[in-house]
Amino acid sequence: MIDLHAHTCASDGSDTSLELVEAAATAGVEVLAVTDHDTVDGVAAALEAGPGLGVEVLPGCEITGEVGGRIVHLLAYGEGLLAPGAIDPVAAVRRERAERNQRVGARLEALTGVGYRHALELAGGAALSRAHFARALVQHGAATDVAEAFDRYLSNGRPAYVPAPSLPVDEVLALVHPLGGVVVLAHPGRLASGERERVVAAAVAAGVDGLEVWHPQHDPGAQRHWLATAERHGLLATGGSDYHGRHKPGVRLGGGTDGSVLVPARAVSDLKARLAAAVAS
Ligand code: AMP
Ligand code: MN
Ligand code: MN
Ligand code: MN
């Protein structure tokens, strides 16, 4: 089994790097990419744990980017990401994100009495995202469930929404390519349906190297569509479970929610070939 998209508690997953690799081994995952949001801090410990547990760990990072006026997630892969200071511009965006979270918390606190400290307590050390604010609202009775928390407060256009800082896709590509890495547009199916094709076309025109085809939020029809799109443009097709441990219950390493995230071996061989070519050039 292959899983090229997974999170540790270096971003918003619940598992330490060691726990993640252990869970991958238990699930039968042989190739695992660690792709935390805007950081590679969880990668080294996973690389260390991999050989003893029979899991090949690939370094990665899910960068918060922007293309066509929309926030997108860009999966960067490659050893070069680990060089000291290599992704400092991403770290800067991450720091701005911390400030943004305080603004979300202040707005929520004024609206509901549930705010930053509640989300922080619930996150238990993981990097905060709106998902934590949503769960804090539910925990303290300010919303009946996470969906309502987003609908009432946290979604774009709602009163506690503050956009997350991001790097333009051109800057992400200009950062990652010289490091010998590749950039894959994550879960295109999660983009709003009315603008999905436009945003994907903009990402392809900007020069992304691949599309994430296999993902829990892509049904079989979406998988076929994104695979065909990737092939049409000569792009890599990758995939993974987007595992977040306890923070996304029901999502399993390797298979995703219903076992449909079956990433073919070719995704890894193509990715490795592209990485080898990128490093050589
Ligand atoms: P952030 O990066 O802080 O803007 O938060 C993004 C997180 O919120 C991700 O983990 C998403 O899965 C989650 N999220 C965004 N919109 C929704 C929604 N409508 N319902 C549930 N979770 C959502
Ligand atoms: Mn996440
Ligand atoms: Mn994502
Ligand atoms: Mn992810």
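The values are calculated or read from the model by the stated rules, or taken from the named source; none is laboratory data. Computed from a predicted structure; not experimentally measured. Glycine also receives a Cβ, built like all others from the backbone with ideal geometry; neighbour counts cover every protein chain displayed.
Checking ALA192 against (1) closer than 18 Å to ALA230 by Cβ; (2) within 16 Å of ligand 3 (Cβ to nearest atom), which test does it fail? Result: ALA192 passes all but (1).
Give me a count of the residues in region 70-83 that are out of contact with any strand residue (DSSP E or B) (no Cβ under 9 Å at 6 or more places or on another chain) and at pLDDT 95 or above.
Our first condition is that a residue be out of contact with any strand residue (DSSP E or B) (no Cβ under 9 Å at 6 or more places or on another chain); within region 70-83, this holds for 70, 83.
Cutting the leftovers down to at pLDDT 95 or above gives us 83.
Final tally of qualifying residues: 1.
All of (1) surrounded by fewer than 19 Cβ atoms within 10 Å (Cβ to Cβ); (2) away from ligand 1 (no atom under 16 Å from the Cβ); (3) not hydroxyl-bearing (Ser, Thr, Tyr) hold for GLY50 with one exception: (1). Taking the listed residues VAL57, VAL138, VAL90, VAL104, the one that is free of Cβ contacts under 8 Å to residues at least 40 places away in the same chain and crowded, with 20+ Cβ neighbours inside 10 Å is VAL57, with no other qualifying. Among the residues of region 250-261, some residue qualifies, meaning at least one is farther than 23 Å from ASP38 by Cα, within 16 Å of ligand 1 (Cβ to nearest atom) and without any contact (Cβ under 8 Å) to a residue 40 or more places away in the chain. Could you tell me whether THR238 is crowded, with 18+ Cβ neighbours inside 10 Å, within 15 Å of the chain's Cα centre (by Cα) and of a type in the set (S, T, N, Q)? Judged against the criteria, THR238 is a match. Under the condition of being among the polar types (S, T, N, Q), more than 12 Å from GLY54 (Cα to Cα) and modelled with pLDDT of 95 or more, which residue from region 10-38 is nearest to ligand 4 (Cβ to nearest atom)? Only one residue tops the list, namely THR35. Out of the residues in region 69-87 that are under 15 Å from the mean Cα position of the chain (by Cα) and surrounded by fewer than 23 Cβ atoms within 10 Å (Cβ to Cβ), which is farthest from ALA273 (Cα to Cα)? If we take residues in region 69-87 being under 15 Å from the mean Cα position of the chain (by Cα) and surrounded by fewer than 23 Cβ atoms within 10 Å (Cβ to Cβ), then ILE71 is farthest from ALA273 (Cα to Cα). The set of residues in region 180-200 being over 14 Å from the mean Cα position of the chain (by Cα) and closer than 24 Å to GLY78 by Cα consists of GLY180, GLY181, VAL182, VAL200. When region 141-190 is filtered for residues that are surrounded by fewer than 16 Cβ atoms within 10 Å (Cβ to Cβ) and either more than 16 Å from ligand 1 (Cβ to nearest atom) or of a type in the set (Gly, Ala, Ser) (or both), the ones remaining, listed by number, are GLY141, ALA147, SER155, GLY157, PRO168, ASP170, ALA174, PRO178. Is it the case that region 108-128 has a residue that's surrounded by fewer than 22 Cβ atoms within 10 Å (Cβ to Cβ), of a type in the set (Asp, Glu) and farther than 24 Å from CYS9 by Cβ? Looking for residues that are surrounded by fewer than 22 Cβ atoms within 10 Å (Cβ to Cβ), of a type in the set (Asp, Glu) and farther than 24 Å from CYS9 by Cβ, one finds at least one in region 108-128, hence yes. All conditions but one from (1) surrounded by fewer than 18 Cβ atoms within 10 Å (Cβ to Cβ); (2) over 20 Å from the mean Cα position of the chain (by Cα); (3) within 16 Å of ligand 1 (Cβ to nearest atom) apply to ALA205; the one that does not is (3). Restricting to region 12-22, name every residue that is buried (at least 21 other Cβ atoms within 10 Å of the Cβ), among the small types (Gly, Ala, Ser) and not in a helix (DSSP H, G or I). If the condition is that a residue be buried (at least 21 other Cβ atoms within 10 Å of the Cβ), among the small types (Gly, Ala, Ser) and not in a helix (DSSP H, G or I), then GLY13 is the only one that fits.
Taken together, the residues in region 1-47 that are charged (D, E, K, R) and either touching a residue at least 40 places away in the same chain (Cβ under 8 Å) or within 16 Å of ligand 1 (Cβ to nearest atom) (or both) amount to 6.
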